[in-house]
Amino acid sequence: MTETCHSQWQYNFAFLDENTKRMLRRALLKAVAIPGYQVPFGSREMPLPYGWGTGGIQLTASIIGQDDVLKVIDQGADDTTNAVNIRRFFARVTSVATTSSTAAASLIQSRHRIPETPLRPGQIMVFQVPEPEALRTLEASEVETRKLHAHQEYGLMHVKLYEDIARFGHIATSYDYPVMVNQRYLSSPSPIPKFDNPKLHMSPALLLFGAGREKRLYAIPPHTRVESLAFEDHPFTVQRWEQACALCGSHDSYLDEIITDDAGARMFVCSDTDYCQQQQESKA
Amino acid sequence: MLQQAFDNMEQDCQQVFRTTLSALAEPLLPLTLPCLPAALPGLKPATSALLYTLIDQDVTLWAPALPAATLASLRFHCALRLADTPEQADFILLPAGSSLPPLSSLRAGSPEYPDRSTTILLEVEDFTPQQVEASGPGFASPRRFGATGLPPAFWTQWQANHARFPLGVDVLLISATQLAGLPRSTVVQEG
């Protein structure tokens with residue numbers, strides 16, 4: 001089926017033309033050489049709107065090959081709209097194998113989660129990034145933020161975190177929590193929950209970030225130091241739940257709260273559907 | 001006389017790119033290229049593969065004098081544009097035995113845009129261990145590395161290049177069939 005579609009539509013392999021792929025590939029090589037630094041690239045019009053993962057899709061399209069096994073997740077789930085459509089898009093334009101298993105995948109495109117199953121060497125994760133500039137809410141000008149990065153002048157962000165503490169008594173940023181990559185560049189980990197931030201540190205997998213509307217890509221190579229910003233007296237912490245997952249009983253995974261009726265009943269389940277299913281199967 | 005490039009440009013370039021990406025993600029770990037084209041005259045097969053994968057009309061390349069057949073093939077397959085001097089080039093190709101321009105004279109990017117820097121394709125004889133110990137992003141633990149046929153004082157120049165981080169040039173070390181990446185982030189200690 002997918003084979004027929006591919007030849008019938010006459011799209012180039014992975015949709016993008018070879019010139020665009022080369023441009024993206026050269027940018028990716030520079031991104032890996034300068035961990036955490038945002039490399040500008042010529043973002044193309046994709047067959048879906050900005051905000052639906054065009055940056056991630058362009059990165060995936062420039063690196064995917066026939067031997068890859070692709071997994072796409074949206075908030076941890078393999079079966080939500082964004083994930084299903086991106087997976088189907090690549091199945092059509094590349095005919096590669098797709099999977100929902102983290103362990104079986106060689107390439108994982110993600111909207112805002114890192115799988116619970118530890119990544120392994122050789123895997124590549126592609127993150128869809130809405131706003132690559134961690135400092136953007138604090139400084140609107142790209143010219144200025146470029147200078148701040150050039151001078152490694154990140155006091156603004158520390159002041160923001162401090163204001164959280166002054167106002168709420170703790171750092172209230174719970175997702176898109178800023179990180180220092182390789183002790184040099186302040187970077188946005190994309191809006192992953194801060195629960196996932198520790199997985200960025202010394203990850204065995206290559207992590208690539210693409211922002212289509214903002215036309216920037218950046219990378220965290222494997223085995224690279226990634227520190228979440230914090231203060232000595234207010235160390236970085238991740239979310240914890242009193243509940244276990246209602247489906248698999250896991251105490252270690254990131255939980256979504258689901259409202260089950262209009263009387264206030266609710267349940268907590270794993271955000272990572274593949275992990276949750278594995279846990280259920282291993283208990284069955 | 002034009003040389004034939006890859007049998008399947010689209011798939012083979014993707015394979016070579018993925019190897020290059022891995023090589024820079026895990027520096028100084030020699031990787032064998034999964035597919036090689038016929039070697040261009042005066043160049044190693046792996047070098048030809050990288051040129052087909054990375055070069056097009058959007059970038060400039062500087063190289064010492066290359067055989068006319070090689071230039072003609074690269075113009076045909078990659079729409080090659082030559083830079084007048086190494087200082088202007090996006091890519092610098094150094095076939096085995098050619099002399100290395102001072103790394104500090106090459107495009108290293110600007111503080112705001114350190115990515116606007118040169119990538120050097122540097123041919124070596126072979127990868128042998130025990131010249132340097134390297135660490136940095138991409139190293140789970142320090143790795144020993146060496147290459148025969150490197151330009152003299154290369155590692156001394158490299159240390160100065162790394163000291164300018166995030167500015168600097170990046171190097172792809174190329175043997176006949178293998179590739180090792182050397183991004184500017186890599187810290188190298190001799191001995």
Sorted by accessible surface (1.4 Å probe, heavy atoms of the protein chains only), largest first, B:E87, A:E133, A:E45, B:E125 come out as A:E45, B:E125, B:E87, A:E133
Given A:157-163, A:193-199, the highest-first ranking by average Cβ count within 10 Å works out to A:193-199, A:157-163
Find the relative contact order for chain B and round it to a whole percent, using C-alpha pairs within less than 8 Å whose residues are 6+ positions apart. 24 percent
Over region A:2-228, what is the mean sequence separation of C-alpha contacts under 8 Å (at least six apart), divided by residue count, expressed as relative contact order in percent? 26 percent
Once the Cβ-Cβ distance between A:D262 and A:Y11 is put in as r, and R0 is 56 Å, what FRET efficiency do you end up with, to the nearest 0.05? 0.75
With every protein chain present, what accessible area does B:R144 have (1.4 Å probe, heavy atoms only), rounded to the nearest 10 Å²? 90 Å²
Of all C-alpha pairs within chain A, those more than 26 angstrom apart amount in percent to 45 percent
Taking the 0 to 90 degree range and rounding to the nearest ten, how far is the long axis of helix B:154-163 tilted relative to the main principal axis of chain B, both from C-alpha atoms? 70 degrees
Which one of A:S106, A:V84, A:A166 has its Cα pushed farthest toward the positive end of the charge dipole of region A:2-228, where Lys and Arg give +1 and Asp and Glu give -1 at the Cβ? A:S106
Which three numbers, in whole Å and largest first, are the semi-axes of the equivalent ellipsoid of the protein assembly as shown derived from its Cα gyration tensor as √(5λ)? 39, 27, 20
Could you check how much of the accessible area of the protein assembly as shown is carbon and sulfur, as a whole percent, using a 1.4 Å probe? 52 percent
Could you compute how much accessible area chains B and A hide from each other, both sides summed, with a 1.4 Å probe? Nearest 100 Å² is fine. 3300 Å²
Which order do you get for B:F76, A:F209 if you rank them by accessible area with a 1.4 Å probe, largest at the top? B:F76, A:F209
Counting only protein chains, not ligands or nucleic acids, how are A:D252, B:D126, A:D272 ordered by accessible area (probe 1.4 Å), most first? A:D252, B:D126, A:D272
Taking a probe of 1.4 angstrom, what is the accessible area of A:K147 in Å², to the nearest 10? 80 Å²
What pairs in A:K21/A:K215; A:K147/A:K215; A:K147/A:K199; A:K30/A:K199; A:K30/A:K215; A:K30/A:K147 have C-alpha atoms more than 21 Å from each other? A:K147/A:K199; A:K30/A:K199
Shielding of B:109-118 by partners, i.e. mean partner chain Cβ atoms within 10 Å per residue? 5
Taking chain B as the reference, fit the longest principal axis to its C-alpha atoms, fit the long axis of helix B:9-25 to the helix C-alpha atoms, and give the angle between the two in degrees, 0 to 90, nearest 10. 10 degrees
Gyration tensor verdict on region B:76-191 (Cα atoms; rounded if a/c is under 1.5, prolate if a/b is larger than b/c, oblate otherwise): oblate
Rounded to the nearest 10 Å², what accessible area does B:V187 have for a 1.4 Å probe in the complete protein model? 60 Å²
Under 21 Å from the Cα of A:K194, which lysines turn up, not counting those fewer than eight places away in the same chain? A:K160
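The values are calculated or read from the model by the stated rules, or taken from the named source; none is laboratory data. Just so we're clear, the structure is a prediction, and the values are computed from it rather than from any experiment. Cβ: placed from backbone, ideal geometry, glycine included. Neighbour counts: every protein chain shown. Heavy atoms of the whole protein, side chains included, go into the accessibility calculation; ligands, DNA and RNA do not. Shrake-Rupley method; radii C 1.70, N 1.55, O 1.52, S 1.80 Å.
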